[in-house]
Every structure is written in C-alpha cells, then in structure tokens.
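The block underneath contains the structure these notes are about, expressed in structure tokens.
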Amino acid sequence: MISGSAFPAEAWAVRETSLDLDLLAQTESVFALGNGHIGLRGNLDEGEPFGLPGTYLAGFCETRPLESAEAAYGQPLVSETVLNVTNGKLMRLLVDDEPLDIRYGELRSHERVLDLRAGVLNRSVEWVSPTGRAVRVRTTRLVSFSQRAVAAVLYEVEPVEQGLAVVVQSDLVANEPLPDPDGDPRAGAALRASLRSERVDGEGQRAVLAHSTAASGLTMAAAMDHVIEAPPGVETTLETHPDIARLTVACELEPGQKLRVVKLLAYGWSAERTVAALRDQVGAALAGARRTGWQGLLDEQREFLDRYWERADVEIEGDTSLQQAVRFGMFHVLQAGARGERRAIAAKGLTGPGYDGHTFWDTETFVLPVLTYTAPQAAGDALRWRHRTLALAKERADELGLAGAAFPWRTITGQECSGYWPAGTAAFHINADIADAVVRYHAASQDDAFAREVGLELLVETARLWRSLGHHDEQGHFRIDGVTGPDEYSAVADNNVYTNLMAQRNLRAAADGAERDPERAAELSVDHEEMAGWRDAAQAMVVPYDTALGIHPQAEAFTEHELWDFDAMRPEQYPLMLHYPYFQLYRKQVVKQADLVLAMHLRGDAFTPEQKARNFAYYEQLTVRDSSLSACTQAVLAAEVGYVELAYAYLCEAALMDLDDLEHNTSDGVHIASLAGTWIAAVAGLGGMRDHDGALSFAPRLPEALTRLAFRLSFSGRSLHVEVHADKAIYSLLDGASLQITHHGKHALLHAERPLSRSIPSAPVLDAPRQPHGREPEQP
C-alpha cells in the first residue's frame, strides 16, 4: 500500500523518483496509458519484476461459467472477464550478456514521469551490472489518441563509462503468467492461457501474432515494427513462434554512441472479421504510424491533449497536491473513454483487471457527466454502446417478467454478469442512470441526431421498465418495491428514494421526448395512452419521508432499523464487507456509499434547502465510505449545505484515491469513477454547478486553503469559463449565443466576451456534522 504522498506535488506531472518493489502493482496502475481502445499497464520495459502484467483491449474478453450451489430462475449463468492480451511493451536489455534487472547489480538512479501535457510515460535508468558495466537507458511510451490502434515505445541505450556490447530483445508475448487473485472480491478472475494461436507472420523487423478465445469466439491481432538507429555493424534477427515474436538487435556501443529503437505497435480485434482481415488491419495501422514517425506521434499526442486541456482543465490555486491530483484524474478519465468508440468504459478503465473489467452504473452517473462537458463525443459514443446492447437488455427484462429493457448491473458486452442477485437482478436504478446520462448529454450537446437515433429509444425502453416494475397502490401512489439502490450495504428495499426520484425523471423525460418527436415515437409504438401512463406514474411516485425525524429515509423503513455500533469498530475492520456478512449489514443503519445524498445531488430539484441540510447531517453519521464512489458526492452536498471545509476534505479524498491508494486496491487498476468524481467535487461541489432540466446554476464557495478555482464547460453549443475567488465569481461566455445562468439563486444573462462578476455570499455558520467513529475524512 502507498502510505502518504508517494509522488512530489507537480502541476502537470506525476513523478516517481525512486523505485519501491513493494509498490510495483500500484504504480503500474498509476502509470498506465490508454486511449479507450488500448490499455497498457505501467510495467517496467524489461517485464520483470512486475506486480501485475497487463495489456487490454476494450471489449475483448473471455466468458466463463457462473457457478452457484443453488440455481434459480433468472440467475445469470455466464460471466465475462477482460483478458490480458499480447504484450508489446517488452524491451529487454542485455549488457555484456547480463540482463538488465533492477533487483541485481547497482541501481544508481531510477525515475518515471507521467507527463499529463504530452500524454507519455518517460523512464530514466542508470544501472551497473553485477560485472561492473554501467549503462543508461531512457524510454518513452505512448498510446496514441490520434491513431486509435497504435502504441509506441522509444528505447535508447548508451554506455556511461566504457564501451559495451548490448543486445535489445523486442517482444510480442501472448499468454503471460499471471499472479493469483488476492481473495478481495473487488479483484478480477485470473484467466490463464486463454489465447489460442491462429496465425504468426514475420519478416524483416516486423511481426504479427493473431489469437482467438476459446469460449467467447473473439479474435485479435497484435503487430510490431521497428525503426533502428545504431552505429555501423548493428545486427537484427527476427524469430516467431505461436505465442512469441522477437526482434533481437545487437551492436557495440562506445562512449558517446547510442542505440535508438522506436517500436511501433498496433492492435485490433473483432467478433466477426477473419484472421486475415485483422492481420491486414493492424498492418495498415503500422504503416500509418511508420509514415507519421515517432516525432509525428508525439506532436499529434500533444496537439490532442492541448485541445482537451483547453476544454477540460480545472485550475486550483493554494494546493499543488490537489491540482496535480485533479489533472491526474482528468487524464485517466480521458484515457478511459477518448477512443472507446462504442465500447464500455470499465470501472477500472483499461488500467487493470479489477472487477473483471466490468462496467457498472459508475459510467453513466460519474464518468459521463464529466465527459459530457469536456469531451462530449466520448460521452455520446458510450451511450451509443448502451444502445447497441439494447436487445440484450430487452431479453433480460423479458426473462424477469418485465416490459422494456433491464440493463445489466455489471457487464462487458451487455449481458448480465453478476451472480449476486440483490445487485444483478434488483439494482434497477442502472436504467434511470442511463436515462439521466441521455438527458444530460442531449441538453449539453444539442445533438439532435443522437436524440432521434439513440436517445429516445433508450428513454422509452427504460420508462417501460419502470411502468411494469412499479404499481399504483389503493391510494393511487406509484410504488417501486423490492429494489436495491446505490448503497451496497442495503438491498431489496421498497421505494428507495434515489431509485424512485431517478425513475420519475426517466418517465417524464421519455414522455417529453416522445412528445417532441411524434414520428420517431410512433416508430417505437409509443401512443398517447402510454405517455399519459408515464406521466401519471411520475406524478404519483412515492417519496418516503420520516416526519418524526424530519428526514427522508434512504428507503421505506430504513430509519426503523437498528443503528450500527460504530463505536465498537476498529480501524482494521473496514471495509465492513470484508469482515461482516451482508445479512448483518442489510438489517442495520449503516451506509457504504452515498445513496440518499446522491439523490439530493442528481435530483436536487426534489428537495428543499432545509431538507438537504437535515438529510445530509443524518446520513453523514451513518456513511462509512467503504466505496470509492462516496467521497465525491459527499463533497458536493457538504458544499451546498454550507460545510465548505468538509467539502474540501472530501474532494481531496476523492482526488487522492489512487495516488495515495486509499482503498488499498489500486494495484488492480485505478478508480475511474472516483477520478471523475474529483471533477464533480470541484465543479459541482466548490463550484456549485447544477444543470437541472437543462438550466445551468452556480453557487460557488472556496475553503480557506484555496485562493482560486477555475474551470470550463462545453454546454449547449457554448464554451463557458468560470473563475471563483474567495469573494467573487467571474463568468465568461467565450463563444456562442447569450446564456442565462443562476448565481446563488439570482438570474444573470451572459453575453460573449463580456465577463460578469458576482459577489459570493458568506457560508452559513453551522455546527460540524459527525461521521462514524474512525471514518472522519482526513483534513488536508
């Protein structure tokens, strides 16, 4: 586990200045590179030692049986696991026959730098072999944002004190050995030797390996090519085998000379195309990369990121560590979705095998709001992936005896992969989360083609699910019974407030969308009677309220449960799900992650300010934050009700989730939703941004430690810049037609190139809320 600050605070880089072998797995995740299609863990170039090898392709997985001692109707029988595919990162060095291995000889210096502006991982090593030969190695690794199928490595070797005979082995390796899972349920299954060789090609300095999966029926190809600069006399040899292709480069280096190898990689996969077609595809990608050249790839990467940071950067003054962490988070969010192009965005992105590479509701609720305002094309593509899986969701609904679509709790390809039925069957809120993302994306992007081709059908089929899942009781109230909300320490409850309020928005959005586009609605067999039924259900939706306590229970009867004995807990007993049976958790008032509090963020229009304050204080004393999804939401509501310093503490916790390994499982990949939540905590928390019903409002306030917060939003064809100081906020409409916003409850009209300054009212003076004993956020 990383303890404390492992990386020096820098605004635009994450730097490791020494190598700790005990932290290899965590730093491999932190230093992972990807583009939404390809993911390369930050393994050492030479491959060993390693924490967890990893090369991933979005959507490329193997299926495996979901075994259960007691089978039940409707229980998923098959799960999917992301595969560690052919590793092209490997570059082994031998110095006078001694392999570079940092565990032997003398490691004089070792530094790795994740450059958030350039989008590359740089490494510098000075090593003395056991026989006293000193060598300096510099490498730069990138996964291209501009050329989706391409990754590349620059590998440079030079002698330090005397001439050397050096050999570099550049490999493509399939079916690498993997360590056993550690027993943590959050970790993924380790599938070994899952790739079957289909074809091997090699010529000159170029090779292609093609493999298929045994059960899922997928085929992939990986290819490598090289550009070599070396002194005269260099020799190269290529050998190929079913699971390995290797180019060997041998030469003599005198002081002042250098061996420079540029390794170009290309990856592709398909469920339908032939091996020959995939071979040609990756070959064409290599040809394009070779034509671009190494410097061209670097230039394209920087240009892509310059455009991204211009739209997405969050500037923070007063806390350099937080500034670094926020940009680190935004960089990984981009890597998870930039070029996914209608593939799922996994909970760990493409940085590790955690959660088997599955996507959850995390994507729509935490990741897509960020992408919607900073990289909208990626958000639209992620929702188009959901639309591609609609047939599977409708089959699942039918299996459960419901209408419409029942989207999966966890999946890679669109089929339900959870054998734990309280989540995999009962966590229907995923439907409303998808609908919320559709509404948010369309309001921000004004992508009418998306609304017609994708959005309306998603809204309609999710609304049909709610209409069949819920029912009107004798009093005419619309109830949704027996469901699991976001909090994973509660299950199968009646009228979960988050679920009901999000379903209410879903029903209204479907009716409104059908009314706006009657022609498309008719194609989906939506008539006026069905629309009226949706509106009636939304209007009559049950929203439980405990009048005695003056708060909303998380679900009906939740506040009648026995309180968890937090005072008896020891620090090592967290997270609770690793030390207590779910049976005990489900029957007590203890909250793993924000649930009712999340409802107050996403459906803030359904609560009064007084209700928000009372609800927040009540649930703050019950929430243990055993989930990485909680701190960011608690930051948002803490800021809204007036606990600005507490919001700052939760923002820092979300931001440092992986840099400081706060959940102790960064080793199997970074937490993409928590990293996205860092943006949410900064922009919606300290910045007070809300977008209910397509209208933007802000209520910014800064903690004492911060002197300035600035961010941009892409919204409704406009670019908006918000700058927050201790006493004022400045709103600038950078382009587009005038825009009405709300600042601390007062309307204002923005015009292009005419900044608007508004004073910030003081936060209310409130008694600090309590958290469960031992679960208080660490103060920055």
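The values are calculated or read from the model by the stated rules, or taken from the named source; none is laboratory data. Here the structure is a predicted model, which means the values were calculated and not measured. Here the Cβ is made from the backbone with ideal geometry for all residues, glycine too, and neighbour counts use every protein chain on show. Ligands, DNA and RNA are excluded from the accessible area calculation, which covers all protein heavy atoms including side chains. Shrake-Rupley method; radii C 1.70, N 1.55, O 1.52, S 1.80 Å.
Tell me, please, whether a residue that is of a type in the set (A, V, I, L, M), open to solvent by 30 Å² or more (accessible area, probe 1.4 Å) and either part of a loop (DSSP other than H, G, I, E, B) or in contact with a helix residue (DSSP H, G or I) (Cβ under 8 Å, 6 or more places away or on another chain) (or both) can be found in the range 743-751. Scanning the range 743-751, I find no residue that is of a type in the set (A, V, I, L, M), open to solvent by 30 Å² or more (accessible area, probe 1.4 Å) and either part of a loop (DSSP other than H, G, I, E, B) or in contact with a helix residue (DSSP H, G or I) (Cβ under 8 Å, 6 or more places away or on another chain) (or both), so the answer is no.
Scan the range 370-387 residue by residue and report those that are open to solvent by 10 Å² or more (accessible area, probe 1.4 Å) and either of a type in the set (Val, Ile, Thr) or in contact with a Lys or Arg (Cβ under 6 Å, 6 or more places away or on another chain) (or both). Matches in the range 370-387: Asp381, Arg384, Trp385.
Does Arg108 fit the bill of being surrounded by fewer than 17 Cβ atoms within 10 Å (Cβ to Cβ) and either hydroxyl-bearing (Ser, Thr, Tyr) or not in a loop (DSSP other than H, G, I, E, B) (or both)?
On the way: surrounded by fewer than 17 Cβ atoms within 10 Å (Cβ to Cβ): yes; either hydroxyl-bearing (Ser, Thr, Tyr) or not in a loop (DSSP other than H, G, I, E, B) (or both): yes.
Here the answer is yes, as Arg108 does meet what is asked.
Taken together, the criteria place Ser697 among residues that are open to solvent by 10 Å² or more (accessible area, probe 1.4 Å) and under 20 Å from Leu637 (Cα atoms).
State whether the residues of the range 279-287 include one that is in contact with a helix residue (DSSP H, G or I) (Cβ under 7 Å, 6 or more places away or on another chain), under 15 Å from Ala222 (Cβ atoms) and buried (at least 19 other Cβ atoms within 10 Å of the Cβ). Checked the range 279-287: no residue is in contact with a helix residue (DSSP H, G or I) (Cβ under 7 Å, 6 or more places away or on another chain), under 15 Å from Ala222 (Cβ atoms) and buried (at least 19 other Cβ atoms within 10 Å of the Cβ). In the set (1) free of Cβ contacts under 8 Å to residues at least 60 places away in the same chain; (2) within 28 Å of Val160 (Cα to Cα); (3) surrounded by 16 or more Cβ atoms within 10 Å (Cβ to Cβ), Glu235 fails one condition alone, (3).
Would you check which residues across the range 762-775 are closer than 28 Å to Ser732 by Cβ and open to solvent by less than 60 Å² (accessible area, probe 1.4 Å) and list them?
Applying the first criterion (closer than 28 Å to Ser732 by Cβ) to the range 762-775 yields 762-763.
If the condition is that a residue be closer than 28 Å to Ser732 by Cβ and open to solvent by less than 60 Å² (accessible area, probe 1.4 Å), then Ala763 is the only one that fits.
Screening Pro544 on (1) within 28 Å of Ala617 (Cα to Cα); (2) of a type outside the set (A, V, I, L, M, F, W, C); (3) open to solvent by less than 30 Å² (accessible area, probe 1.4 Å); (4) not in a loop (DSSP other than H, G, I, E, B) shows it passes everything except condition (4). The residue that is most open to solvent (accessible area, probe 1.4 Å), among those in the range 571-581 that are outside any helix (DSSP H, G or I) and free of Cβ contacts under 8 Å to residues at least 12 places away in the same chain, is His579. Look through the range 59-83, keep the residues that are open to solvent by 10 Å² or more (accessible area, probe 1.4 Å), of a type in the set (Asp, Glu) and closer than 25 Å to Ser194 by Cα, and return whichever of them is modelled with the highest pLDDT. The qualifying residue modelled with the highest pLDDT is Glu62. The numbered conditions (1) under 16 Å from Gly59 (Cα atoms); (2) open to solvent by less than 20 Å² (accessible area, probe 1.4 Å); (3) in a loop (DSSP other than H, G, I, E, B); (4) in contact (Cβ under 8 Å) with a residue 60 or more places away in the chain are all true for Gln415 except (2).
Could we say that Gln335 is more than 30 Å from Arg260 (Cβ to Cβ), at pLDDT 95 or above and buried (at least 22 other Cβ atoms within 10 Å of the Cβ) here? Taking the combined requirement at face value, the residue does not satisfy it. Of the set (1) touching a helix residue (DSSP H, G or I) at 6+ places or on another chain (Cβ under 7 Å); (2) of a type outside the set (D, E, K, R); (3) assigned to a strand (DSSP E or B), all apply to Ser697 but (1).
One line per residue, one yes/no per condition, for (1) of a type outside the set (Lys, Arg); (2) modelled with pLDDT under 95; (3) open to solvent by 20 Å² or more (accessible area, probe 1.4 Å):
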residue	(1), (2), (3)
His561	yes, no, yes
Trp564	yes, no, yes
Lys588	no, no, yes
Leu602	yes, no, no
Ala606	yes, no, yes
Asn615	yes, no, no
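For Arg712, the conditions (1) under 24 Å from the mean Cα position of the chain (by Cα); (2) more than 17 Å from Val636 (Cβ to Cβ); (3) at pLDDT below 95 are fulfilled apart from (3).
Condition first: surrounded by fewer than 21 Cβ atoms within 10 Å (Cβ to Cβ) and not in a strand (DSSP E or B). Now tell me which residues in the range 704-719 satisfy that. Lay out the reasoning, then the answer.
Pass one, the range 704-719, residues surrounded by fewer than 21 Cβ atoms within 10 Å (Cβ to Cβ): 704-705, 707-708, 710, 714, 716-719.
Residues satisfying the conditions are Glu704, Ala705, Thr707, Ser716, Gly717.
No other residue among Val137, Val153, Val157 is within 23 Å of Ala222 (Cβ to Cβ) and within 38 Å of the chain's Cα centre (by Cα) apart from Val153.
Among the strands (runs of 3 or more DSSP E) confined wholly to the range 1-91, which include 1 or more residues that are over 23 Å from His358 (Cβ atoms) and within 23 Å of the chain's Cα centre (by Cα)? Steps first, answer last, please.
Numbers: elements: 13-16, 38-40, 55-57, 61-65, 78-82.
The strands (runs of 3 or more DSSP E) meeting that bar are 13-16.
Among the residues of the range 247-256, those identified as closer than 27 Å to Val173 by Cα and either open to solvent by 50 Å² or more (accessible area, probe 1.4 Å) or hydrophobic (A, V, I, L, M, F, W, C) (or both) are Leu247, Val249, Ala250, Cys251, Glu252. Select from the range 418-439 the residues that are of a type in the set (S, T, N, Q) and outside any helix (DSSP H, G or I) and write down the one among them that is modelled with the lowest pLDDT. Residue satisfying both the conditions and the ranking: Thr425. Checked against (1) without any contact (Cβ under 8 Å) to a residue 12 or more places away in the chain; (2) farther than 18 Å from Gly36 by Cα, Gly404 passes all but condition (1).
Checked against the criterion of being among the small types (Gly, Ala, Ser), in contact with an Asp or Glu (Cβ under 6 Å, 6 or more places away or on another chain) and open to solvent by less than 10 Å² (accessible area, probe 1.4 Å), the range 113-121 contains not a single residue that satisfies it. Per the listing Gly42, Gly47, Gly51, the residue uniquely on the phi > 0 side of the Ramachandran plot and touching a residue at least 12 places away in the same chain (Cβ under 8 Å) is Gly47.
Would it be correct to say that Arg467 is closer than 21 Å to Asp398 by Cα, open to solvent by 40 Å² or more (accessible area, probe 1.4 Å) and touching a residue at least 24 places away in the same chain (Cβ under 8 Å)? Full working, then the answer.
Details: closer than 21 Å to Asp398 by Cα: yes; open to solvent by 40 Å² or more (accessible area, probe 1.4 Å): yes; touching a residue at least 24 places away in the same chain (Cβ under 8 Å): yes.
Against the criterion (closer than 21 Å to Asp398 by Cα, open to solvent by 40 Å² or more (accessible area, probe 1.4 Å) and touching a residue at least 24 places away in the same chain (Cβ under 8 Å)), Arg467 qualifies.
Cβ separations smaller than 9 Å between residues 6+ apart or across chains give the following pairs from the range 271-287 residues that are in contact (Cβ under 8 Å) with a residue 40 or more places away in the chain to residues that are assigned to a helix (DSSP H, G or I): Arg273/Gln281. Keeping to the range 126-153, report how many residues are surrounded by fewer than 23 Cβ atoms within 10 Å (Cβ to Cβ), of a type outside the set (Ser, Thr, Tyr), touching a Ser or Thr at 6+ places or on another chain (Cβ under 9 Å) and farther than 14 Å from Leu107 by Cβ. Here the count works out to 2. Among the residues making up the range 474-522, those that are touching a residue at least 12 places away in the same chain (Cβ under 8 Å), among the acidic types (Asp, Glu) and open to solvent by 30 Å² or more (accessible area, probe 1.4 Å) are Asp481, Glu488, Asp494, Glu515, Asp517.
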